[in-house]
1. Go through region 62-85 and count every residue that is open to solvent by 30 Å² or more (accessible area, probe 1.4 Å) and in a loop (DSSP other than H, G, I, E, B).
2. Checking the structure you have, find out if any residue of region 112-128 is of a type in the set (D, E, K, R) and in contact with a helix residue (DSSP H, G or I) (Cβ under 9 Å, 6 or more places away or on another chain).
3. Does LYS138 count as in contact (Cβ under 8 Å) with a residue 24 or more places away in the chain, out of contact with any Ser or Thr (no Cβ under 9 Å at 6 or more places or on another chain), over 12 Å from VAL49 (Cβ atoms) and open to solvent by 40 Å² or more (accessible area, probe 1.4 Å)?
4. Say we look at region 23-61 and pick out the residues that are part of a strand (DSSP E or B) and of a type in the set (D, E, K, R); which of these is nearest to GLY90 (Cα to Cα)?
5. Out of (1) in contact with a helix residue (DSSP H, G or I) (Cβ under 9 Å, 6 or more places away or on another chain); (2) open to solvent by less than 60 Å² (accessible area, probe 1.4 Å), what's the single condition that is false for GLY131?
6. List the pairs whose first member sits in region 98-113 and is closer than 14 Å to ARG150 by Cβ, whose second member is exposed (fewer than 15 other Cβ atoms within 10 Å of the Cβ) and not polar (S, T, N, Q), and whose Cβ atoms are under 6 Å apart, counting only residues at least 6 apart or on separate chains?
Amino acid sequence: MAGERERGGRERREREERDSEFVDKLVHINRVAKVVKGGKRFGFAALVVIGDQKGRVGFGHGKAREVPEAIRKATESAKRNLTRVPLREGRTLHHDVAGRHGAGKVFLRAAPPGTGIIAGGPMRAVFETLGMQDVVAKSIGSSNPYNMVRATFDALKRQDSPRSVASRRSLKVSTLQSRRQGGDAEVVAD
């Protein structure tokens, strides 16, 4: 009996430690109304982005009659949908990339050190929770926060690290990097 209680406490502590490593940002709250016989019944929808600031990030959506409950549901949903994004030097993207969802399009560009996060609202929340320090982003089309966040995640999922490209082509990363820096010279020499 005591062993079971001890194990349950340890599991709870481990879960709390795991939860504390994440940073969550509330991106958007929407008040929605359902028209019923006696009038209107109000509810709330929340969009939350969560990340560990080390390359893992996720987003979630939750709906409830009260704001705190909607935020809690959205946070739980975000924890279930975490994705890992490869970062160059732990601060920026490996290459420029575009993403889209519905009418929302985003373009993300790698940036030199000291640039900071140049991005609007919902995209900024994603980059901050991801732990990215230098990026230039542009959103075109829909300014709906749901579409912008989903388009940003679409772009981040297209991000490839040199290590994954090298393993796919069965090359060494150093060979791939040397080709990248001296690529034009080799073409001229031939």
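1. Counting residues in region 62-85 that are open to solvent by 30 Å² or more (accessible area, probe 1.4 Å) and in a loop (DSSP other than H, G, I, E, B) gives 4.
2. In the first step, residues of region 112-128 are kept if they are of a type in the set (D, E, K, R); the result is 124, 128.
Checking the rest, the ones that are also in contact with a helix residue (DSSP H, G or I) (Cβ under 9 Å, 6 or more places away or on another chain) come to none.
Looking for residues that are of a type in the set (D, E, K, R) and in contact with a helix residue (DSSP H, G or I) (Cβ under 9 Å, 6 or more places away or on another chain), one finds none in region 112-128, hence no.
3. Working: in contact (Cβ under 8 Å) with a residue 24 or more places away in the chain: yes; out of contact with any Ser or Thr (no Cβ under 9 Å at 6 or more places or on another chain): yes; over 12 Å from VAL49 (Cβ atoms): yes; open to solvent by 40 Å² or more (accessible area, probe 1.4 Å): yes.
Against the criterion (in contact (Cβ under 8 Å) with a residue 24 or more places away in the chain, out of contact with any Ser or Thr (no Cβ under 9 Å at 6 or more places or on another chain), over 12 Å from VAL49 (Cβ atoms) and open to solvent by 40 Å² or more (accessible area, probe 1.4 Å)), LYS138 qualifies.
4. Taking region 23-61 and keeping what is part of a strand (DSSP E or B), we get 23-36, 39-51, 56-61.
Of the ones still in play, those that are also of a type in the set (D, E, K, R) are 24-25, 31, 34, 40-41, 56.
Working: ASP24: 19, LYS25: 20, ARG31: 37, LYS34: 45, LYS40: 49, ARG41: 46, ARG56: 11 Å.
The extreme case among them is ARG56.
5. Looking at each condition in turn, GLY131 falls short on (1).
6. Sorted first by the residue in region 98-113, then by its partner, the pairs are LYS105/ILE140.
The values are calculated or read from the model by the stated rules, or taken from the named source; none is laboratory data. On a predicted model such as this, the values are computed, not experimentally measured, just so you know. Because the Cβ atoms are built from the backbone with ideal geometry, glycine has one as well, and the counts that use them run over all protein chains shown. Calculation scope for accessible area: heavy atoms of the full protein, side chains included, ligands and nucleic acids excluded. Shrake-Rupley method; radii C 1.70, N 1.55, O 1.52, S 1.80 Å.
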